[in-house]
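Scroll down for the structure; my scribbles are underneath it.
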Amino acid sequence: MKTTMIIVRHAEAVGNKIREFHGWTDEGITDRGILQAQQVAAKVKDTPMDVIYSSILKRTMETAGYIARLKNLPIIPREDLKEIHGGLWEGMRWDELVEKYPEAYDIWETQPHLHQMPEGESMVDFQKRVVAAVSGILQKENGKNICVVTHGTVIRVLMCWFRGWPLEDIVKVPWFDNTAVTMVSFENGLFRIDLEGDASHLDATTSTFANQQWFIEYREKFNKQRK
């Protein structure tokens, strides 16, 4: 019996806009995020969907709300779908992290599978938490079409799991834009990725990444590494 997951990254949140690390920091979505949430809800309006799960954080619950209203479905909040716990990194600007935690920041960028958030989660423990959460959802909702609204790093570690990759290959998984949609089928114990990080519902105005210099630089570097 085939189970389908529609995985949605949350809409642009305050941390995305001001370039602060927000893992468990609980801020809502921005004005642009509202537009993104409306656009992604319209995108999945005709996609079969039986149940909606969301991380309990505001940015995911608010995004899920737009989908839930169009689909007339309740939202099931899950603590274990939250973003990685950043510990002392929470609420710090990315340029501050480079200066205050140069070695840890370099590991985050180049070997994220080895990263340990100071007084927060390690990437290894984080992936274990997320995989356990999704495994439980798949078991409970076997054969259904499941929407999961969650976070950027959550999706990256899940993509490794779906592909059977070791966590060290997370560097091969790109960051997906806010409200990007990924669709994964699960049948006979195997995953199939049917759609990956699709943000075609966004335009140059509503895309978060299109309006941030860091992503332009990151994309160039990522594409070079893939060649």
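The values are calculated or read from the model by the stated rules, or taken from the named source; none is laboratory data. Because the structure is predicted, anything quoted here is derived from the model rather than measured. Cβ sites come from the backbone with ideal geometry, for glycine too, and all protein chains shown count toward neighbours. To get the accessible areas, we keep the full protein, side chains included, count just its heavy atoms, and leave off ligands, DNA and RNA. Shrake-Rupley method; radii C 1.70, N 1.55, O 1.52, S 1.80 Å.
Some points to look at:
- Of the numbered criteria (1) crowded, with 22+ Cβ neighbours inside 10 Å; (2) within 13 Å of Ala64 (Cβ to Cβ); (3) in contact (Cβ under 8 Å) with a residue 40 or more places away in the chain; (4) touching a Lys or Arg at 6+ places or on another chain (Cβ under 7 Å), the one Val51 fails is (1).
- Residue identified as open to solvent by less than 40 Å² (accessible area, probe 1.4 Å) and assigned to a helix (DSSP H, G or I) among Ala68, Ala11, Ala42: Ala68
- Condition check for Trp108: open to solvent by 80 Å² or more (accessible area, probe 1.4 Å), within 25 Å of Cys160 (Cα to Cα) and touching a His at 6+ places or on another chain (Cβ under 9 Å): no
- Matching residues in the range 147-164 - criterion: being in contact with a strand residue (DSSP E or B) (Cβ under 8 Å, 6 or more places away or on another chain), open to solvent by less than 10 Å² (accessible area, probe 1.4 Å) and farther than 19 Å from Leu57 by Cβ: Met159
- The range 88-105, residues that are in contact (Cβ under 8 Å) with a residue 60 or more places away in the chain, in a helix (DSSP H, G or I) and open to solvent by less than 40 Å² (accessible area, probe 1.4 Å): Trp89, Leu97
- Leu73 vs. criteria buried (at least 17 other Cβ atoms within 10 Å of the Cβ) and either in contact (Cβ under 8 Å) with a residue 40 or more places away in the chain or closer than 26 Å to Val51 by Cα (or both): no
- Of all residues in the range 165-182, those satisfying the criterion of being of a type in the set (A, V, I, L, M, F, W, C) and crowded, with 19+ Cβ neighbours inside 10 Å are Ile170, Val173, Phe176, Ala180, Val181.
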